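Take a look at the structure set out below.
The values are calculated or read from the model by the stated rules, or taken from the named source; none is laboratory data. If you're wondering where the values come from, they're calculated on a predicted model, not measured in any experiment. Positions of Cβ are backbone-derived with ideal geometry, glycine not excepted, and every protein chain shown enters the neighbour counts. SASA here: full protein model, heavy atoms, side chains in, ligands and nucleic acids out. Shrake-Rupley method; radii C 1.70, N 1.55, O 1.52, S 1.80 Å.
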Amino acid sequence: MAEHGTFTPRPVVLLTPEETATFLVRDMNVFYGDNHALQHVTLNVPSRQITALIGPSGCGKSTFLRCLNRMNDTILGCRVTGELTLDTHAILGRAVDPVEVRKRVGMVFQRPNPFPMSVYDNVAYGPRRHGARNRGVLDRIVEETLRKSALWDEVKDKLRHSAFDLSGGQQQRLCIARALAVQPDVLLMDEPSSALDPISTFKIEELMLELKEHYTIVIVTHNMYQASRVADFTGFFLHGELIEYGPTVEIFERPIDPRTDDYVRGRFG
Amino acid sequence: MPSPRQTFDAQLHALEQRLLRMGSFVEGMLEDSVKALELQDTALAEEVVRRDDVADELDLDIETSCMHMLALQQPMSKDLRVIGTALKITTDLERIGDYSVDIARTAIELASEPFLRPLVRIPRMAEFTSRMVRGALEAFVSRNAEKIDEVVNLDDQVDDLNVQVWAAMTMEMKEDPSSIYRNAHMILVARYLERIADHAVNVAERVQYMETGILRQLAASHQTPGA
């Protein structure tokens, strides 16, 4: 149908301003052996916003997420090319220590995976690894981080209990607290609530919205409705390509690429 | 066994069919109300008044199915736009039915008032307005942008005729106070037709939104002559 009046369509991949971006990704490719798993991805991840990555299984969204904190380095035969900067510093390549990257870019996984230790020690684990020994300092970090993770009121009387005594939703928020305890700038979340019930999911989403005031959040989710509820920007991946990226409301209300349209309308398969 | 997506597609198709049925129904109300006015046919006018209950039922039925689909299918993209459009269009169509009833009531009111001369501008306004309603519905069915343009262009002509009716009727009322009762009603009829035309433009705007995702006003806001 012809357009009435003037309307300039947005680009299929909308690049937000570089100066407000935490990550700049340019022509990034990931190979697992001969498999070209991520192809020529270029985008900016805006600072202190929630960016959601959606797409069917095997589309490359988790592969992309793992690039952002160099987790792909742990996979044998994995090769990453292109440019990736975190606050203007290049973070790909052997010259960059992945541990330093991961200190600034925390990650939370699909299934809550607390360490087999107390609630307190889970949160204090990272700061201790980075040299914090003073009891008062650790107490303060644990309390502040648990408060940020909306968990303090629920666990303040059981800090010495095993983390496994907590519910699934509480364990996931503990994992978020553990990631935040080393004061990262970015929080990556890979399907953070797919193993949780709706109420726990709601709490995680509420927490994401609170945390984005201080952190850049990138979330991979199979749940389109979660992306539509919490994300400011959404990227749609298919067969290793970033098909479309833009403001969440546009991706779900008027996507440009017909493949995005098919996916968000459940017309795949 | 149809897939959930096939079921949803069938529901969307049924929704479109319901909207079309309602559209033709209120279009019939509009045409008959003006016919009843012209022919001073009280029986036909009363028939139009009775049809309003059916239009209201169709409206509620469409709104209910839209709400069910929103709740159960959580639509996105084009599907969301179709349902959002249906929710808006059904209200416009229901209002077109209401204004047709207003015209029919006027026909009943004026059935025993002799016309000094045959009506000219009001039937022409009614013809344009009917074409607009039909055109907007055709645009909905065919997703045809040209139909939308046609509706918008006709709206300008309806607005002009409304201004002409106002000018002619007020002048006649000044010259012949005995015409006041009849002409005041005719001014109202012209106003009802002008409002129906605005609702047809609303439908056209929604069809454009449904297709493009761009929501914008296609015609200038209506103006009341003499205001």
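Data overview
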quantity: Tail weight of P(r) past 34 Å, computed on alpha-carbon pairs of the range A:14-264, percent; calculated: 16
quantity: All aspartates and glutamates inside 20 Å of A:K158 as judged from Cα atoms, apart from same-chain residues fewer than 8 positions distant; calculated: A:D121, A:D139, A:E143, A:E144
quantity: Average accessible area per residue (Å²) across the range B:4-212 - probe 1.4 Å, nucleic acids and ligands excluded; calculated: 43
quantity: For peptides A:70-78, A:182-190, sequence by mean Cβ density within 10 Å, most packed first; calculated: A:182-190, A:70-78
quantity: Between 0 and 90°, nearest 10: helix B:42-73 axis offset from chain B longest Cα axis; calculated: 20
quantity: Shape of the range B:46-141, Cα gyration tensor, a/c cut at 1.5; calculated: oblate
quantity: Nearest-ten-degree value, helix A:198-211 long axis tilted from longest Cα axis of chain A; calculated: 90
quantity: Rounded FRET efficiency, nearest 0.05, which uses the C-beta distance separating B:R50 from B:D156 and R0 of 41 Å; calculated: 0.75
quantity: Solvent accessible area, Å² - A:H40, 1.4 Å probe, full protein context; calculated: 110
quantity: Ellipticity estimate at 222 nm from DSSP helix runs (n ≥ 4, -39,500 (n - 2.57)) divided over chain A, nearest 500; calculated: -9500 deg cm²/dmol
quantity: Across A:K203/B:K78; B:K35/B:K88; B:K88/B:K147; A:K103/A:K148, pairs whose alpha-carbon gap is larger than 22 Å; calculated: A:K203/B:K78; B:K35/B:K88
quantity: Total accessible area lost when B and A pair, probe 1.4 Å, Å² to nearest 100; calculated: 1700
quantity: Bins of 5 Å from zero: percent of alpha-carbon pairs in the range B:104-146; calculated: 6, 17, 15, 19, 12, 10, 9, 7, 4
quantity: Kirkwood Rh and Cα Rg combined as Rg over Rh, evaluated for the protein assembly as shown; calculated: 1.17
quantity: Longest to shortest principal axis, alpha-carbon extents of the range B:147-227, angstrom; calculated: 52, 21, 15
quantity: Three principal axis lengths of the range A:224-269 [C-alpha, angstrom, descending]; calculated: 25, 19, 17
quantity: With every protein chain in place, chain A: carbon and sulfur % of accessible area (1.4 Å); calculated: 51
quantity: Accessible-area composition of the range B:131-223, carbon plus sulfur, in percent [1.4 Å probe]; calculated: 51
quantity: Projected-area mean, the range A:187-227, by convex hull of Cα positions, square nanometres; calculated: 2.6
quantity: Gyration tensor (Cα) of the range A:142-182, equivalent ellipsoid semi-axes in angstrom; calculated: 14, 11, 9
quantity: Rg/Rh for the range B:24-79, where both radii come from Cα atoms and Rh is the Kirkwood radius; calculated: 1.26
quantity: Neighbouring partner chain Cβ atoms per residue of A:259-265, average, 10 Å criterion; calculated: 4
quantity: Around A:F268: net Lys/Arg minus Asp/Glu count, Cβ-Cβ under 10 Å; calculated: +3
quantity: Long-range HN-HN contacts of A:R48 with modeled amide H, under 5 Å; calculated: A:T216, A:I217
quantity: Förster radius 30 Å - calculated FRET efficiency between A:K158 and A:D185 (Cβ-Cβ, nearest 0.05); calculated: 0.50
quantity: Residue with peak Gaussian network fluctuation, chain B [Cα springs, cutoff 10 Å], from B:E146, B:E47, B:E205; calculated: B:E146
quantity: Distribution of pairwise C-alpha distances over the range B:17-56, 10 Å bins, in %; calculated: 32, 50, 17, 1
quantity: Overall Cα dimensions of the range A:177-264 - principal axes, largest extent first, Å; calculated: 42, 27, 23
quantity: For chain A: accessible area per residue (Å², 1.4 Å); calculated: 46
quantity: Rg ratio (alpha-carbon, reference 2.2 N^0.38 Å) - the range B:4-212; calculated: 1.12
quantity: Pairwise FRET efficiency - A:D262 versus B:V141, Cβ, R0 = 25 Å, nearest 0.05; calculated: 0.60
quantity: Stretchable slack from A:F109 to A:R135, in nm (0.36 nm times residue separation minus alpha-carbon distance); calculated: 6.5 nm
quantity: Peptide B:75-82, shielding by other chains (average Cβ, 10 Å cutoff); calculated: 6
quantity: Note, ³J(HN,Hα) from phi for the range A:125-134, Karplus 6.51, -1.76, 1.60, rounded to Hz, x at Gly and Pro; calculated: 4, x, x, 5, 4, 8, x, 6, 10, 5
quantity: Solvent accessible area, Å² - A:T22, 1.4 Å probe, full protein context; calculated: 10
quantity: Inter-chain shielding of B:209-218 (mean C-beta neighbours from other protein chains, 10 Å cut-off); calculated: 3
quantity: 10 °C / 1.306 mPa s Stokes-Einstein diffusion coefficient of the range A:53-184, Kirkwood radius on C-alpha pairs, µm²/s; calculated: 98
quantity: C-alpha long axis of helix B:121-142 to longest principal axis of chain B, angle in °; calculated: 10
